[in-house]
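Accompanying notes for the structure given below.
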Amino acid sequence: MRVLLIASTEVRNLVPGYLKHVDTAHADELAEQAGRLCYESWDRPNPQTATNQGYLANIIQQGHFSVLEHASATFYIDGVTRNFTHELIRHRHLSFSEVSQRYVDAGRFPFVHHPGLVGLEETQQRLLNINSRAAQRAYGILVDALQARGRDRKAARQAARHVLPGGTETKILVTGNHRAWREMLDKRLAPAADAEFRAVAALILGELRAIAPNVYQDIGHAYG
């Protein structure tokens, strides 16, 4: 699997009255600007909230998550399964653009092995490979047969895709504000979450910590 940070919010100006911290990440800075604007609390007399890290720690503790919504991050994800994206899109505060199996030749996308399939016996692994290859062959045969009957390419592919397994690879672009990302990570880094989703979430968290370390200072340290 691959997770690439494509875009993230950049601060270009400061809210009038706000005193900038030195070398603070853009998303962290923007969240503090939003929070201080609510009360016009430009001075920093309290040592516990004088730093950006301390200020956002208090924001998180108080549950004032609306100030985290002003900054966002966009990720490109591939090498993952359709099963994974069916779970991902349940997080409706994120925005998605996924490769279409109606328009694209899905038969060329490989089968992605779920982490839970690691360690299968040789005969079980062989059976898994046979089944995934058979599904891809069946897809190609059905597309050709339906087009031979006069269906256009899109209609043929959208019908034939029903034989493909949920483990077929997909590609997706996902955008969310940092409140939405925190909500997703809180659920998908938990031990009860799907193993593939946990692996993707850990990669996303690593990227988010790089661009907003203080926004994510309390999230998922037990998971990487």
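The values are calculated or read from the model by the stated rules, or taken from the named source; none is laboratory data. Just so it is clear, the model here is predicted, and its values are computed rather than measured. Every residue, glycine among them, receives a Cβ derived from its backbone with ideal geometry; neighbour counts consider all protein chains shown.
Summed over the stretch 114-143, residues that are touching a residue at least 40 places away in the same chain (Cβ under 8 Å) and aromatic (F, W, Y) total 0. Scanning the stretch 71-95 for residues that are of a type outside the set (A, V, I, L, M) and either assigned to a strand (DSSP E or B) or closer than 18 Å to E207 by Cα (or both) yields a count of 8. If you check I204 against the conditions, is it part of a helix (DSSP H, G or I), hydrophobic (A, V, I, L, M, F, W, C) and either within 24 Å of Y55 (Cα to Cα) or in contact (Cβ under 8 Å) with a residue 60 or more places away in the chain (or both)? Yes, satisfied. The residues on offer are K154, K187, and the sole one that is surrounded by fewer than 16 Cβ atoms within 10 Å (Cβ to Cβ), among the basic types (K, R), assigned by TED's automatic domain parsing to the domain that holds D28 and at pLDDT 95 or above is K187. Only one entry of G206, G116 meets the criterion of being at pLDDT below 95, closer than 19 Å to V80 by Cα and under 28 Å from the mean Cα position of the chain (by Cα), and that entry is G116. Note on the stretch 96-150: among residues that are hydrophobic (A, V, I, L, M, F, W, C) and assigned to a loop (DSSP other than H, G, I, E, B), the one that is farthest from D194 (Cα to Cα) is V104.
Yes/no per residue for (1) of a type in the set (D, E, K, R); (2) farther than 30 Å from A199 by Cα; (3) surrounded by fewer than 19 Cβ atoms within 10 Å (Cβ to Cβ):
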position: G17; (1), (2), (3): no, yes, yes
position: D28; (1), (2), (3): yes, no, no
position: R44; (1), (2), (3): yes, yes, yes
position: G54; (1), (2), (3): no, no, yes
position: A57; (1), (2), (3): no, no, yes
position: G63; (1), (2), (3): no, no, yes
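Screening A192 on (1) in a loop (DSSP other than H, G, I, E, B); (2) buried (at least 16 other Cβ atoms within 10 Å of the Cβ); (3) among the aliphatic types (A, V, I, L, M) shows it passes everything except condition (2).
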